[in-house]
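Some notes on the structure that comes next.
The values are calculated or read from the model by the stated rules, or taken from the named source; none is laboratory data. All of these numbers come straight from a predicted model, not from anything done at the bench. Virtual Cβ from ideal backbone geometry, glycine too; neighbours counted across all protein chains shown. What goes into the accessible areas is simple: the full protein's heavy atoms, side chains included, and nothing from ligands, DNA or RNA. Shrake-Rupley method; radii C 1.70, N 1.55, O 1.52, S 1.80 Å.
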Amino acid sequence: MGKVTGFMEFERVDEGYAPVAERLKHYKEFVIGLDDAQGKVQAARCMDCGTPFCNNGCPVNNIIPDFNDLVYRSDWKNAFAVLDSTNNFPEFTGRICPAPCEAACVLNINDDPVGIKSIEHAIIDRAWAEGWVVPRPAKIRTGKRVAVVGAGPAGMAAAQQLARAGHDVTLFEKNDRIGGLLRYGIPDFKLEKSHIDLRAEQMQAEGVTIRTGVLVGSVPKDSKITNWAKESISPAELQEQFDAVLLTGGSEVSRDLPVSGRELDGIHYAMEFLPQQNKINAGDKLKGQIRADGKHVIVIGGGDTGSDCVGTSNRHGAKSVTQFEVMPMPPEQENKPLVWPYWPIKLRTSSSHDEGAQREFAISTKQFDGEKGKVKSLTTVQVEFKDGKLSEVPGTEKQWPADLVLLAMGFTNPMATMLEGFGIEKDARGNAKATTDFDGGYATNVPKVFAAGDIRRGQSLVVWAIREGRQAARSVDEFLMGFSDLPR
């Protein structure tokens, strides 16, 4: 694979970033991808390792050694063909996937792993530029009708696969544009929405009917999601009109922080804050946008969504940005012999952190305080694990100025009204209950209704959503036709 001695000759070359002062002025992508020569050198580092753990480390099982070898040989078109065979949307994963494949790289045992994500990014960007990404409509139509509910990456992948199998697919989305959290969660500076729009055009050319602004079921009374549909269709109508229904609605209920003062103005879920900026970037007009200009911003939650809040707040011009994480600070370097080839727990610093943020670990918020109904500060305490429990450290209480608090602590489960409307059984976490078995995988307890993506597995990565969408599409195709040629 690649150059036999490449891993000994060449160092890892990471993608570059535009300077902080420059990129803070806009919401465009700022990653500087690999050029042809850098891509070839990076691919040359791929070893003839016998058992490529990267394949299994990647949830969609990208055939990584093969496309690395093709890039090394400057055969970019065939490299794209190999990548496209397992991944419907490499431009998404090449930008925002955390790259579990790299954690599983054999070279990562005692060196820096191959830059697989950057190579994938380079391949798909070249494919679009060269016109290699084209619609692939089915030559034979089956006459079967499939409804896919939820147009995030799982729904998009499933709809595309089912259309290519010859089915008449309708993709329903309650928001005004497709993409799910790719559209209204991930900031534009990490993923410009033109990439989603290009895929939507391709899918429509392949026969997918996209219906936006349509809510399946009813709106939860306590929902604070702002992009609700303008029309609705009942689960019963879908079941009557379609031969199969695949639910890919995601996990949308944000985890709350029910402490004293939670009702104060200025405390918002991350998914109230982030979508608004994305809509503004798309040219929409909004009244009362949640802004961080000149404010002391506290982001509660140390994951990717919290990092996205940090980057967006800095672009607004926040006075200060502080991010809290309840878990202790992880080590800067993982114990590779202990954790390889699995995803390691280690300190990860995002490009948004580099733009300016104070990070606090092992900290818990006890209460919010305000004036005239608006949050002005919050009180925290340091925490530690004792006897398997999280305990407060006495004498560590501290008050922080806070004009805007963003809750980015993850998502607990999908909307109950969706699952209850279909009568679908739930697992212990409130997700749709469905297995991933080869025989009847992704089928729910309701006849001809399937579930995939975060609505089934809980909050996860875009690459897992694509995997589940592809696998569920095969199960639906097999259910409709008795067999399936779609890849699993």
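Where strands (runs of 3 or more DSSP E) fall entirely within segment 282-366, those with at least 1 residues that are hydrophobic (A, V, I, L, M, F, W, C), in contact with an Asp or Glu (Cβ under 6 Å, 6 or more places away or on another chain) and modelled with pLDDT of 95 or more are at 320-325, 358-361.
Residues are listed down the side, and each one gets a yes or a no for (1) closer than 16 Å to residue 88 by Cα; (2) of a type in the set (Val, Ile, Thr); (3) in a loop (DSSP other than H, G, I, E, B):
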position: 450; (1), (2), (3): no, no, no
position: 455; (1), (2), (3): no, yes, no
position: 474; (1), (2), (3): yes, no, no
position: 486; (1), (2), (3): yes, no, yes
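Each row is one residue, and each column tells you yes or no for (1) of a type outside the set (Lys, Arg); (2) within 29 Å of residue 260 (Cα to Cα); (3) open to solvent by 40 Å² or more (accessible area, probe 1.4 Å); (4) in contact with a strand residue (DSSP E or B) (Cβ under 7 Å, 6 or more places away or on another chain).
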residue	(1), (2), (3), (4)
310	yes, yes, no, yes
313	yes, yes, no, yes
346	no, no, yes, no
359	no, yes, yes, yes
363	yes, yes, no, yes
374	no, yes, yes, yes
377	yes, yes, no, yes
381	yes, yes, no, yes
386	no, yes, yes, no
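Out of 253, 259, one residue alone is modelled with pLDDT under 95, within 24 Å of residue 412 (Cβ to Cβ) and not hydroxyl-bearing (Ser, Thr, Tyr). It is 253. All conditions in (1) modelled with pLDDT under 95; (2) farther than 27 Å from residue 463 by Cβ; (3) of a type in the set (S, T, N, Q) hold for residue 241, with the sole exception of (1). A count restricted to segment 164-204 and to residues that are farther than 27 Å from residue 142 by Cα, surrounded by fewer than 20 Cβ atoms within 10 Å (Cβ to Cβ) and aliphatic (A, V, I, L, M) stands at 0.
Within this structure, residue 270 fails the test of being open to solvent by 30 Å² or more (accessible area, probe 1.4 Å) and either farther than 23 Å from residue 157 by Cα or hydroxyl-bearing (Ser, Thr, Tyr) (or both).
Do we find a residue being of a type in the set (S, T, N, Q) and open to solvent by 80 Å² or more (accessible area, probe 1.4 Å) anywhere in segment 41-52? Yes, segment 41-52 contains at least one residue that is of a type in the set (S, T, N, Q) and open to solvent by 80 Å² or more (accessible area, probe 1.4 Å). Filtered by the rule that a residue be part of a loop (DSSP other than H, G, I, E, B) and surrounded by fewer than 16 Cβ atoms within 10 Å (Cβ to Cβ), segment 112-131 gives 112, 131. Scanning segment 370-429 for residues that are part of a loop (DSSP other than H, G, I, E, B) and touching a His at 6+ places or on another chain (Cβ under 9 Å), we see that the one that is nearest to residue 327 (Cα to Cα) is 402. Filtering segment 1-28 down to residues that are in contact with a strand residue (DSSP E or B) (Cβ under 9 Å, 6 or more places away or on another chain) and of a type outside the set (Ser, Thr, Tyr), which residue is surrounded by the fewest Cβ atoms within 10 Å (Cβ to Cβ)? Only one residue tops the list, namely 16.
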